[in-house]
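Engineer: Dropping a structure here in structure tokens format, bear with me for questions.
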Amino acid sequence: MNIRLEGMTWEFGDDVNTDLIVPGKYLELVDYNEIALHAMEGIDPDFPKKVRKGDIVVGGRNFGCGSSREHAAIALKHVGVGAVVAESFARIFYRNAINLGLPALECPGIAEAVREGDVLDIDLIGGKVKNKTTGRELSFVPLPSFMVAILNEGGLVAYLTSHKGEW
Amino acid sequence: MTVSEKILSRASGQGKTRAGEIVKAEVDVAMMPDLTTILAINAMKEMGFKRVWDVDKVVIVLDHVAPASTLLAATVHRDIREFAREQGLKHLYDVDSGVCHQVLPEKGHVKPGYLVIGADSHTCTHGAFGAFATGVGSTDMGAIIATGKTWLKVPETIRVEVEGKLPEYVAPKDLILYTAGQIGADGATYNALEFSGSTISDMSVSGRMTLCNMAIEMGGKTGIVESDEKTLKFLKGRTEGIIEPVYADEDAKYRSVLNVDADTLEPQIACPHKVDNVKPVGEVSGTRINQAFIGSCTNGRLEDLQVAASILKGRHIHKDVRLLIVPASKEVYLQALDKGIVRSLLEAGAVLSNPSCGACFGGHIGLLAPGEVGITTSNRNFKGRQGSPEALVYLASPAVAAASAVTGLITDPRDLP
């Protein structure tokens, strides 16, 4: 993974729960690409058709609240989302995203600073988000190095494989 | 130190750990329900592990789609059974057993002081037994079943101090809905919610499970009630070996304290589409409903069915309403059968299904059509949670749900003629 990410934004607001991201009726699915066909179905069933690889999902407070279903983070990652940036995250979704190699960045002020369609340039190491459409820049607390390593290696599975099961 | 700090200190073997520290901890029980198990098994195998770390500590419960209603679910169940057999797992609870958060304590897998990790967000329920219990996703669970370890941030604790006696027809569910309204849907994110005070001491184990179950609805990492004689009485005959209860120190540090007066609490209801959109039932009474559901890991226990039966006995539900009752486990079902509760419910017009999670999460039973209104004793009223995104879901206690089924309108049970 690149430490710089650039992508067009899709905005979803506060309290986006995992039932909205992947409704319960799809939890029997185990194939990542099939799960991805239902990304954000509870809010916008056309999202998988519209989103392009590397696009960035912008959320408000408490993004990913509710169920522990990893299907939510799987769907976003495998539909092509490059990162999720939100005011705050619910903790299980946050862990799932990092574990899958999907950057989840807590960035205060982001919901207000972005209008859907704006292009963001994210510097993972420097903790900066630049809205290239408006020129506005925001900061976030950079991820600790082991989490950047997990993201860089493509998620926890790859990380644990290459580190022989040691954290 | 708080209960959470003590349990995570013990589980990490790191002496005294404090809120904010990240620890690597050894897990006492790793629980997986059907719909998240396959992803966890795949993650474990992709990590290069062939065997689970302990065949006695990995517990699987086939509960979300029980019995299987689709070919996909049947295949998931088949693969899980095969995995359990091949690994020699000692505890696979098949589709006849019940909801994982009810089955685990009933079968003696949870003890005070334990670190319980589950691949289900409502794993926080087990904190009702003085354990530290939290939910994770499937990749985390894959690593846990492979290694027996995980990393956790030691949470700060919000203490909910409840004093007084809950009035008649005011239940633990009303208390936790009120708490959710006060704290908010993300007000306890990354925190433990510890419940204490005279009301909690007087409360049944079942009621404490209702409280801890909904900690996640405020973003909480776990709910906790310190264990006492009631806990030990429940566990007697179910668990083996020594029990080492953990209690908070007198000078434990809390992030905040919420004081609640049980004496003046009224029946509460969470209105669509957010769990913290909570009002006294009176404010929405008269709202027409199409379906009432009593069950789930929040409110599918014996005392929940008992209060519903006490309201429904000698009455019949409204002709335009369907009432769906789902006992949380086979043990609960059998007890309800022995006590004549099942008969009262069926005679009042209820549909009684086998234990499962289906009706709570929009699974294989009890869906709401577009434009319909449901009242449910479960834990989430998210848009689309129980079927159509154009349906409305209200969360309430079993007494409120039963009374509403009788009138066809959202009803305070104290107002029934």
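Engineer: Once neighbouring chains are kept in place and the probe is 1.4 Å, which whole percent of the accessible area of the range A:98-167 is contributed by carbon and sulfur?
Structural biologist: The computed percentage sits at 54.
Engineer: Pick out which of B:Val154, B:Val326, B:Val55 has the largest mean-square fluctuation in a Gaussian network model of chain B, springs linking Cα atoms closer than 10 Å.
Structural biologist: Checking each option, the largest mean-square fluctuation is seen for B:Val55.
Engineer: Can you find, among B:Gly300, B:Ser329, B:Thr287, the residue sitting farthest towards the positive end of the charge dipole of the range B:213-331, where Lys and Arg contribute +1 and Asp and Glu -1 at Cβ?
Structural biologist: B:Thr287
Engineer: If you don't mind, there's one more thing I want to ask. By a straight-distance test (C-alpha under 24 Å), which lysines pair with B:Lys50 as possible cross-link partners, with residues fewer than eight away in the same chain excluded?
Structural biologist: List returned: A:Lys164, B:Lys24, B:Lys90, B:Lys149.
Engineer: Among the aspartates and glutamates, which fall within straight-line cross-link reach of B:Lys253, defined as a Cα-Cα distance under 17 Å, with same-chain neighbours fewer than 8 residues apart omitted?
Structural biologist: Within the straight-line limit of under 17 Å, B:Lys253 reaches these aspartates and glutamates: B:Glu5, B:Glu21, B:Glu156, B:Glu161, B:Glu194, B:Glu226.
Engineer: Now a separate question. Place a +1 charge on the Cβ of each Lys and Arg in the protein assembly as shown and a -1 charge on the Cβ of each Asp and Glu, then give the dipole magnitude about the Cα centre in debye, rounded to the nearest 20.
Structural biologist: It works out to roughly 800 debye.
Engineer: With r as the distance between the Cβ atoms of B:Val284 and B:Gln182 and R0 = 22 Å, compute the FRET efficiency 1/(1 + (r/R0)^6) and round to 0.05.
Structural biologist: In this case the efficiency is close to 0.75.
Engineer: Over the Cα atoms of chain B, what radius of gyration and what Dmax do you get, in Å?
Structural biologist: Considering chain B through its Cα atoms, Rg and Dmax are 20.4, 64 Å.
Engineer: Go through the range B:29-67 and flag every residue whose accessible area shrinks by 40 Å² or more with all protein chains in place compared to the isolated chain (probe 1.4 Å).
Structural biologist: With the partner chains in place, the range B:29-67 has these residues losing at least 40 Å²: B:Leu35, B:Leu39, B:Glu46, B:Met47.
Engineer: Rounded to the nearest 5, what is the percent of antiparallel bridges among the DSSP beta bridges in the range B:268-415?
Structural biologist: Bridges in the range B:268-415 that DSSP calls antiparallel: roughly 25 percent.
Engineer: Please report the relative contact order for the range B:268-415, taking Cα pairs under 8 Å with a sequence separation of at least 6, and give it as a percent rounded to a whole number.
Structural biologist: Value for the range B:268-415: 35 percent.
Engineer: Test of the criteria: in the range A:1-100, which trypsin sites (Lys or Arg not before Pro) are in a DSSP loop and have at most 16 other Cβ atoms within 10 angstrom of their Cβ?
Structural biologist: Listed in order of number, the matching sites are A:Arg52, A:Lys53.
Engineer: Just the ratio, please: alpha-carbon radius of gyration of the range B:118-213 over 2.2 N^0.38 Å, N its number of residues.
Structural biologist: After normalising by residue count via 2.2 N^0.38 Å, the value is 1.20.
Engineer: Please list the equivalent ellipsoid semi-axes of the range A:37-113, computed as the square roots of five times the alpha-carbon gyration tensor eigenvalues, in descending order and whole angstrom.
Structural biologist: Rounded to whole Å, the semi-axes are 17, 15, 12.
Engineer: In Å², rounded to the nearest 100, what is the total accessible surface buried by chains A and B against each other with a 1.4 Å probe?
Structural biologist: 3500
Engineer: Tell me which of B:Thr407, B:Ala359, B:Ala84 sits at the most positive position along the dipole axis of chain B, charges placed on C-beta atoms (Lys, Arg +1; Asp, Glu -1).
Structural biologist: So the residue we want is B:Ala84.
Engineer: What share of Cα pairs, in percent, lie more than 22 angstrom apart in the range B:330-406?
Structural biologist: 27
Engineer: Ranked highest first by the average count of other Cβ atoms within 10 Å around their residues, in what order do B:20-33, B:307-320 fall?
Structural biologist: Going by the mean number of other Cβ atoms within 10 Å, highest first, we get B:20-33, B:307-320.
Engineer: Which helices of chain B meet both criteria: a Cα extent of 18 Å or more along the helical axis and a mean Kyte-Doolittle score no lower than -0.5, with helices taken as whole DSSP H segments?
Structural biologist: B:34-46, B:71-87
Engineer: Another one. Roughly speaking, what is the centre-to-centre gap between the range B:186-218 and the range A:99-147 when only Cα atoms are used, to the nearest Å?
Structural biologist: Cα centroid to Cα centroid, the span is 35 Å.
Engineer: Can you list the lysines whose alpha carbon is less than 27 Å from that of B:Lys383, not counting same-chain residues fewer than 8 positions off?
Structural biologist: A:Lys25, A:Lys49, A:Lys50, A:Lys77, B:Lys173, B:Lys221, B:Lys274, B:Lys279, B:Lys319
Engineer: Oh, and also: State whether the range A:109-167 is rounded, prolate or oblate according to the following rule on the C-alpha gyration tensor (a ≥ b ≥ c being the square roots of its eigenvalues): a/c under 1.5 gives rounded; otherwise a/b larger than b/c gives prolate, and the remaining case gives oblate.
Structural biologist: prolate
Engineer: Under a Cβ-only charge scheme (Lys and Arg +1, Asp and Glu -1), can you give me the dipole magnitude of the range B:111-217 about the Cα centre, in debye to the nearest 20?
Structural biologist: Here the size comes out at about 340 debye.
Engineer: How much of the DSSP beta bridge set in the range B:1-128 is antiparallel, as a percent to the nearest 5?
Structural biologist: Roughly 0 percent of the DSSP beta bridges within the range B:1-128 come out antiparallel.
Engineer: How many angstrom separate the Cα center of the range B:262-318 from the Cα center of the range B:109-166?
Structural biologist: 27
Engineer: Pick from B:Lys233, B:Lys90, B:Lys149: which residue has the top mean-square fluctuation in a GNM of chain B where Cα pairs under 10 Å get a spring?
Structural biologist: Answer for the Gaussian network model of chain B: B:Lys233.
Engineer: Further, regarding this structure: Of all beta bridges DSSP finds with both residues in the protein assembly as shown, what is the antiparallel percent, to the nearest 5?
Structural biologist: Bridges in the protein assembly as shown that DSSP calls antiparallel: roughly 30 percent.
Engineer: Another question, if that's okay. Taking each pair of different alpha-carbon atoms in the range B:268-415 once, compute 1/r for the pair, average those values, and report the inverse of that mean as the Kirkwood hydrodynamic radius in Å to one decimal.
Structural biologist: 14.6
Engineer: Separate question: Starting from the Kirkwood Rh over alpha-carbon pairs, what translational D in µm² s⁻¹ does the protein assembly as shown have by Stokes-Einstein at 4 °C and 1.567 mPa s?
Structural biologist: Result for D is 54 µm²/s.
Engineer: Below 8 Å between Cα atoms, with a sequence gap of 6+, how large is the relative contact order for chain A in percent?
Structural biologist: Reported as a whole number, the value is 24 percent.
Engineer: Quick check: convex hull over the Cα atoms of the range A:80-133, volume per residue in Å³, rounded to an integer?
Structural biologist: In the range A:80-133, the Cα convex hull volume per residue is 89 Å³.
Engineer: Mind putting together the pair-distance distribution for chain A? All Cα pairs, 5 Å bins, whole percent per bin, short to long.
Structural biologist: All Cα pairs, binned at 5 Å, distribute as 2, 10, 19, 23, 21, 15, 7, 2, 0 percent.
Engineer: Taking H placed 1.01 Å from N in the peptide plane, check which residues at least 5 places from B:Tyr190 or on another chain put their amide H under 5 Å from its amide H.
Structural biologist: Placed amide hydrogens put A:Arg91, B:Lys221 under 5 Å from B:Tyr190.
Engineer: Now for a different question. Could you work out the percent of alpha carbon pairs in the range B:33-143 separated by over 17 Å, rounded to a whole number?
Structural biologist: 53
The values are calculated or read from the model by the stated rules, or taken from the named source; none is laboratory data. None of these values were measured; they are calculated from a predicted model. Positions of Cβ are generated from backbone atoms using ideal geometry, with glycine treated the same way; all protein chains shown enter the neighbour counts. Just the protein is used for accessible areas: all its heavy atoms, side chains included, with ligands, DNA and RNA removed. Shrake-Rupley method; radii C 1.70, N 1.55, O 1.52, S 1.80 Å.
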